[in-house]
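Heads up, the thing below is written out as structure tokens.
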Amino acid sequence: MGSIDTESLGRRIIAHPFVLMIISAVMVIGSVIGIGIIGNQIHRQVGGNMWLSLGLSCAVAVVATGVYWLFVRYVERKPVTDLATGGALREWGTGVVLGFAAMALSIGVIAVLGGYVITGTNPVSVLVPVLGMAIMAGVWEEILFRGILFRFTEQWLGSWFALVFTSALFGLAHIANPAATWLSSAAIALEAGILLGALYMLTRRLWAVIGLHMAWNFTQGGIFGVAVSGGETRGLIASQMQGHPLLTGGDFGAEASLPAMVVCTAMGLAALFLAWQRGHFVSASWQRFKSGRGARD
């Protein structure tokens, strides 16, 4: 009997998409928690201010990106194509435009229907903490949900399952936020989960989804002064919501409103249709094996 090549067996186990997903998720989440702990210690020592918070938010984004890059390069042993710099600014800018449009249209509809009222303005300095929040969430959450969870689930179980799984998980991840309800989590899953997943499928890179996520949060909080996923913010425009929670999203913010669900889900379905048209859907691994096809349908 031939001896078992334990090194080869171990490498095959590590190379399975599920194992890679768990390892990379633990590494990225662990790095974010670590920076958070260090940040809390710094705040206790020197006191909090908006510029320090912005710096710590940027540190989270940089460290999460670095850990992901190292994982792909040295554990997966492949080029880090989803963070390649060629065309990155153009893709990021496209995502920013889409994120701004999604939230501006949603809040515009709410305003036309009487649910959003402008009460004044705030100084430009209110943008600093919102910018920090947008950078941190836009980078590390997209690395986790699209770069890791979506990508590896898609490799294993196909695009449809990856889209449903990560959209549902993205919505569920917001259930502990202030003022969150099951409706708000379902709204996040439908409007953001589908749109971000479809945009990742279209580009196969992280720049556009990072830009969209950043602009989505910054537009709500930094420009229109609307709560972002339940978190109260001050924006350039001082405002208040009035009317039924289905119109305004209630205390959770515009993301939980019916206008946002309609506008953003429609954008997500349009992006998903484009991904389908361009042949960017991936079959489950066993279907590819049976048919002898490559990764793409």
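Whether any residue in the stretch 208-215 is surrounded by fewer than 19 Cβ atoms within 10 Å (Cβ to Cβ), in contact with a helix residue (DSSP H, G or I) (Cβ under 9 Å, 6 or more places away or on another chain) and in a helix (DSSP H, G or I) is what I want to check.
The answer is no; no qualifying residue exists.
Quick grid of which residues meet (1) more than 17 Å from Val262 (Cα to Cα); (2) free of Cβ contacts under 8 Å to residues at least 24 places away in the same chain; (3) surrounded by 24 or more Cβ atoms within 10 Å (Cβ to Cβ); (4) in contact with a Cys (Cβ under 7 Å, 6 or more places away or on another chain):
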residue	(1), (2), (3), (4)
Ile135	yes, no, no, yes
Gly138	yes, no, yes, no
Gln155	yes, no, no, no
Phe161	yes, no, no, no
Thr166	yes, no, yes, no
Ala179	yes, no, no, no
Tyr200	yes, no, yes, no
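Take the residues in the stretch 30-87 that are of a type in the set (D, E, K, R) and in a helix (DSSP H, G or I), then tell me which one is farthest from Gly132 (Cα to Cα).
Of the residues in the stretch 30-87, the ones of a type in the set (D, E, K, R) are 44, 73, 76-78, 82.
Retained after the next criterion (residues that are in a helix (DSSP H, G or I)): 44, 73, 76, 82.
On the way: Arg44: 19, Arg73: 28, Glu76: 31, Asp82: 23 Å.
It comes out as Glu76.
Could you list, in sequence order, all residues of the stretch 136-165 that are within 18 Å of the chain's Cα centre (by Cα) and either small (Gly, Ala, Ser) or under 25 Å from Gly250 (Cα atoms) (or both)?
Scanning the stretch 136-165 gives Met136, Ala137, Gly138, Glu141, Gly147, Ser159, Ala162.
For the list (1) over 22 Å from the mean Cα position of the chain (by Cα); (2) over 19 Å from Gly120 (Cα atoms), I need the number of the one condition that Glu255 fails.
So the condition that Glu255 fails would be (1).
Just a yes or no: is a residue in the stretch 106-124 under 22 Å from Leu199 (Cα atoms) and of a type outside the set (A, V, I, L, M)?
Yes.
Count, please, the residues in the stretch 189-225 that happen to be within 12 Å of the chain's Cα centre (by Cα) and either modelled with pLDDT under 95 or under 18 Å from Val139 (Cβ atoms) (or both).
Final tally of qualifying residues: 19.
The values are calculated or read from the model by the stated rules, or taken from the named source; none is laboratory data. Since the structure is predicted, the reported quantities are computational estimates derived from the model, not experimental observations. Positions of Cβ are backbone-derived with ideal geometry, glycine not excepted, and every protein chain shown enters the neighbour counts.
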